[in-house]
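Okay, so here's the structure we're looking at.
The values are calculated or read from the model by the stated rules, or taken from the named source; none is laboratory data. Nothing here was measured: the structure is a model prediction, and the numbers come from that model. Positions of Cβ are backbone-derived with ideal geometry, glycine not excepted, and every protein chain shown enters the neighbour counts. Accessible surface areas use protein heavy atoms only, side chains included; no ligands, DNA or RNA. Shrake-Rupley method; radii C 1.70, N 1.55, O 1.52, S 1.80 Å.
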Amino acid sequence: MKLDYAGCSECGPVRGHNEDAVLMCTSGEAGLFLVADGVGGRSNGEIVSGRIHDTYERWWKEVFLHPKKKPDFLTALKQIEESLLRLNRELVQEFGQMNAGSTLVLLFLYNRNFACVSLGDSRIYRVRGLSVKQITHDDTFR
């Protein structure tokens, strides 16, 4: 499997600082890609998005890249989910309910299988040649 990938992030027109965290990891037939963007209007967005980044970077290095711990696809998905739920509990305990937040879009590829997590208004697109297809859709409330 050959992957071409890129990431970019820029500060929007409203805030004077960037609350985005981007992670791109690949190894052989596997890849983990995510964008976490602190939720505007709430404090500590850059902290939350950074913690999401750090949680999955640590999982990738300590578990997924470890030859004796490397899980199968379904076990890896369960670990990805458990990591997010654990981090959410920690953040709610630290900042309180609805006082800090981040969007998250995550793509996990492994041996020709893939899974996406999409929370908020960050998106995953698949590009093949000149064809662009939006894979995830905004998950927002009003």
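Pairs meeting the criteria (first residue in the stretch 49-66 and at negative phi and at pLDDT 95 or above, second residue in a helix (DSSP H, G or I) and hydrophobic (A, V, I, L, M, F, W, C), beta carbons under 6 Å, at least 6 apart or on different chains) are Thr55/Leu87. For the stretch 13-27, taking the residues that are in a loop (DSSP other than H, G, I, E, B) and surrounded by 12 or more Cβ atoms within 10 Å (Cβ to Cβ), the one that is modelled with the highest pLDDT is identified as Glu19. The residues of the stretch 28-48 that are part of a helix (DSSP H, G or I) and either open to solvent by less than 40 Å² (accessible area, probe 1.4 Å) or on the phi > 0 side of the Ramachandran plot (or both), listed by number, are Gly45, Val48.
The set of residues in the stretch 49-84 that are open to solvent by less than 90 Å² (accessible area, probe 1.4 Å), hydrophobic (A, V, I, L, M, F, W, C) and farther than 25 Å from Tyr125 by Cβ comprises Val63, Leu65.
Filter the stretch 85-114 down to the residues that are among the basic types (Lys, Arg) and modelled with pLDDT under 90 and list them by number. Passing the criteria: only Arg112.
Scan the stretch 115-131 and tell me whether some residue there is acidic (Asp, Glu), within 14 Å of Val35 (Cβ to Cβ) and modelled with pLDDT under 95. Lay out the reasoning, then the answer.
Here is the first cut: in the stretch 115-131, the residues acidic (Asp, Glu) are 121.
Pick out the ones that are also within 14 Å of Val35 (Cβ to Cβ) and you get 121.
Checking the rest, the ones that are also modelled with pLDDT under 95 come to 121.
Within the stretch 115-131, one or more residues are acidic (Asp, Glu), within 14 Å of Val35 (Cβ to Cβ) and modelled with pLDDT under 95.
Step by step: first the residues of the stretch 91-113, then only those that are in a helix (DSSP H, G or I) and touching a residue at least 24 places away in the same chain (Cβ under 8 Å), then the one that is surrounded by the most Cβ atoms within 10 Å (Cβ to Cβ). Which residue is that?
Filtering the stretch 91-113 for residues in a helix (DSSP H, G or I) gives 91-95.
With touching a residue at least 24 places away in the same chain (Cβ under 8 Å) added as a condition, the list becomes 91, 95.
Numbers: Leu91: 20, Phe95: 16.
Checked the stretch 91-113; the qualifying residue surrounded by the most Cβ atoms within 10 Å (Cβ to Cβ) is Leu91.
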